[in-house]
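The values are calculated or read from the model by the stated rules, or taken from the named source; none is laboratory data. Owing to the predicted nature of the structure, the values given are computational and were not obtained by experimental measurement. Glycine gets a Cβ as well: all are built from the backbone with ideal geometry, and neighbour counts include every protein chain shown.
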Amino acid sequence: MQHRLFFLELMFLFLLLGQLIMSPISAFLGSSAYDLQADGLTGRQIDLFTQSGGEGPSTPDGFFGPDDEVCLFANVSYNGWPVVGVMVEFEVRTANDTVFTASGEVTNQTGTAAMNLRLPRPETLTEPLYGNWTVTATATLAEVMANDTVQFKLLHLIPGDVNHDYIVDIMDITLVAIAFSSRPGQPNWNSRADINRDGLVNIIDLVTVAIHLNQKSW
């Protein structure tokens, strides 16, 4: 009888110890899984953005002007870890929803695929192309497709915006003044300061800046 009681007490002690050991482990695993989900690190992730912003799923970007270079980046991860060597398909659509360009790029050692895009020059742009452009990046991870989009606005350049910062101000007047009376090939020549494209930076270009002073593209 005493041996039986001793055996039952021993079994109870083992069960109690097991509960004491497993409870913190279960709590730790549960909180860790929760933290991963709360931080958005679980599952397949692709984050598309440009050099001027747009980080985060489907986050809009800023704006660009004609002939600007847009640098596209897509960070690809699985459960928070970068995915190396996966193909990312970029598709760029204009403001009138036509495909401008598309390209496939492979992720590097940090899980990032990159693509550079040159926007059309002002003389080739028509009115429907101005406005919100949309870029989509798509990758297949563990046989499931993941994607993200980013939008940026293509703005008109105001005549006199020599430095292409989307506002006509004292900086543009200064640039025209520096290039004043210059022609192509001369040391102080600046093709952007030749606003009317007549091959000479002169009073006409300076007056154009003055007319549009303090105007903005947005």
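Things to note:
- The stretch 201-216, residues that are outside any loop (DSSP other than H, G, I, E, B) and in contact with a helix residue (DSSP H, G or I) (Cβ under 9 Å, 6 or more places away or on another chain): ASP205, LEU206, THR208, VAL209, ALA210
- Residues in the stretch 134-146 that are within 16 Å of SER103 (Cα to Cα) and not polar (S, T, N, Q): VAL135, ALA137, ALA139.
- Any chance PRO128 is in contact with a helix residue (DSSP H, G or I) (Cβ under 6 Å, 6 or more places away or on another chain) and either over 22 Å from GLN51 (Cα atoms) or outside the structural domain of ASP97 (by TED's automatic domain parsing) (or both): no
- Scanning the stretch 189-200 for residues that are closer than 17 Å to VAL168 by Cα and either assigned to a loop (DSSP other than H, G, I, E, B) or over 34 Å from the mean Cα position of the chain (by Cα) (or both) returns ASN190, ASP194, ILE195, ASN196.
- Screening the stretch 154-187 for residues that are assigned to a loop (DSSP other than H, G, I, E, B) and among the acidic types (Asp, Glu) and picking the one that is surrounded by the most Cβ atoms within 10 Å (Cβ to Cβ) gives ASP161.
- The requirement of being buried (at least 16 other Cβ atoms within 10 Å of the Cβ), outside the structural domain of ILE203 (by TED's automatic domain parsing), touching an Asp or Glu at 6+ places or on another chain (Cβ under 6 Å) and at pLDDT 95 or above is fulfilled somewhere in the stretch 82-96, by at least one residue.
- Considering residues of the stretch 89-134 that are in a loop (DSSP other than H, G, I, E, B) and of a type in the set (S, T, N, Q) only, the residue nearest to HIS164 (Cα to Cα): THR126
- Of the residues in the stretch 202-218, none is modelled with pLDDT under 95, of a type in the set (D, E, K, R) and touching a His at 6+ places or on another chain (Cβ under 8 Å).
- Of the residues making up the stretch 43-81, those that are exposed (fewer than 15 other Cβ atoms within 10 Å of the Cβ) and either of a type in the set (D, E, K, R) or assigned by TED's automatic domain parsing to the domain that holds ILE167 (or both) number 2.
- GLU123 vs. criteria in the same structural domain as GLY53 (by TED's automatic domain parsing) and exposed (fewer than 14 other Cβ atoms within 10 Å of the Cβ): yes
- All of (1) crowded, with 18+ Cβ neighbours inside 10 Å; (2) within 18 Å of GLY65 (Cβ to Cβ); (3) not assigned by TED's automatic domain parsing to the domain that holds GLY54 hold for VAL135 with one exception: (3).
- Among the residues making up the stretch 78-88, those that are over 16 Å from the mean Cα position of the chain (by Cα) and part of a strand (DSSP E or B) are TYR78, TRP81, PRO82, MET87.
- Residue match in the stretch 102-118 (condition: touching a Pro at 6+ places or on another chain (Cβ under 6 Å), touching a residue at least 40 places away in the same chain (Cβ under 8 Å) and not hydroxyl-bearing (Ser, Thr, Tyr)): no
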